[in-house]
Amino acid sequence: MKIYDITPPISPHLVVWEGDAPVALTRVSHLAQGDMFNLTVMSMSAHTGAHVDAPGHFLADGAGAESLDLHILVGPALVVDVRGQAQITAAVLESLHLPRDLRRLIFLTDNSRRRLLADRDFHGDYVGLSADAALWLVEHGLRLVGIDYLSIAAYDQLRNPHHILLQAGVIIVEGLLLHDVPPAAYELYCLPLPLVGSDGAPARVILIAT
Ligand SMILES: [Zn+2]
């Protein structure tokens, strides 16, 4: 069984969204100093590394991360290659000729070719969805969409794609490490922490080749 771990390692070196809190892993109890055990306290944004967006991220009365349905977070998924596209639009999606019964879709973009998640500096020129692409996904019955940088939506139009997807109950998974993942069909396991009332949650995300 081939498992692809598409979760970036979480450390203070991990890139975060511009202005977002950096990751801190602070040792507060030390074996080397005579304490009975080592103990680490962590501090980070709920949107660190591989993570889900909950409806409450963009919708005033939206549900928290604990409400997300595991039946959507786990199941067959397709990784599609859209490298070479500057933005993922409805026209790009149309050209992919995706299976009609597809429910989970993950985009392998130039973000992976550029290894943006491995660069400590935030880049605003990443590839994301346009609003018409978000509408297309909703109209075609998608329930989960994932991408290989820190936002599903293009930098210059953050609100509408998020809004359209979250309003329709589509789960958004961001920050996926895909540079070694061949575009293909997989079994997806995306397991966000059930942070009650949170607008997002970090997740361990793996793909198993089928
Ligand atoms: Zn997010």
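The values are calculated or read from the model by the stated rules, or taken from the named source; none is laboratory data. Source: prediction; values computed, not measured. Don't worry about glycine lacking a Cβ; one is built from the backbone with ideal geometry, like all the others, and counts go over all protein chains shown. What goes into the accessible areas is simple: the full protein's heavy atoms, side chains included, and nothing from ligands, DNA or RNA. Shrake-Rupley method; radii C 1.70, N 1.55, O 1.52, S 1.80 Å.
Points to keep in mind about this one:
- A Cβ-based charge dipole, computed about the Cα centre of the chain with Lys and Arg at +1 and Asp and Glu at -1, lands at about 420 debye.
- Peptide packing for 24-30, 46-52, 66-72 was compared via the average number of neighbouring C-beta atoms within 10 Å per residue; ordered from the highest value, the list is 46-52, 66-72, 24-30.
- Pair-distance profile P(r), taking every C-alpha pair of the stretch 55-122, with 10 angstrom steps and integer %: 15, 31, 40, 13
- Diffusion of the stretch 1-120 by Stokes-Einstein, at 4 °C in a medium of 1.567 mPa s and with Rh set to the Kirkwood radius over alpha-carbon pairs, works out to 72 µm²/s.
- Backbone phi angles across the stretch 37-44, fed through the Karplus curve with coefficients 6.51, -1.76 and 1.60 (θ = phi - 60°), yield HN-Hα couplings of 8, 8, 8, 10, 9, 10, 9, 6 Hz in residue order; Gly and Pro are listed as x.
- Here's how it looks for ALA153: its modeled amide H is under 5 Å from those of LEU129, which are all 5 or more places away or on a different chain.
- P(r) tail, the stretch 112-210: Cα-Cα pairs separated by more than 21 Å, 39% of all pairs.
- The stretch 22-112, dipole about Cα centre (Lys/Arg Cβ +1, Asp/Glu Cβ -1), debye to the nearest 20: 180
- Rounded FRET efficiency, nearest 0.05, which uses the C-beta distance separating HIS179 from GLU94 and R0 of 30 Å: 0.70
- Per residue, the stretch 1-86 exposes 56 Å² of accessible surface when a 1.4 Å probe is rolled over the protein heavy atoms with every protein chain present.
- Gain upon complete extension [LEU195, THR26; 0.36 nm per residue less C-alpha separation]: 58.8 nm
- Translational diffusion coefficient of the chain (Stokes-Einstein, Kirkwood radius from Cα pairs, 4 °C, 1.567 mPa s): 74 µm²/s.
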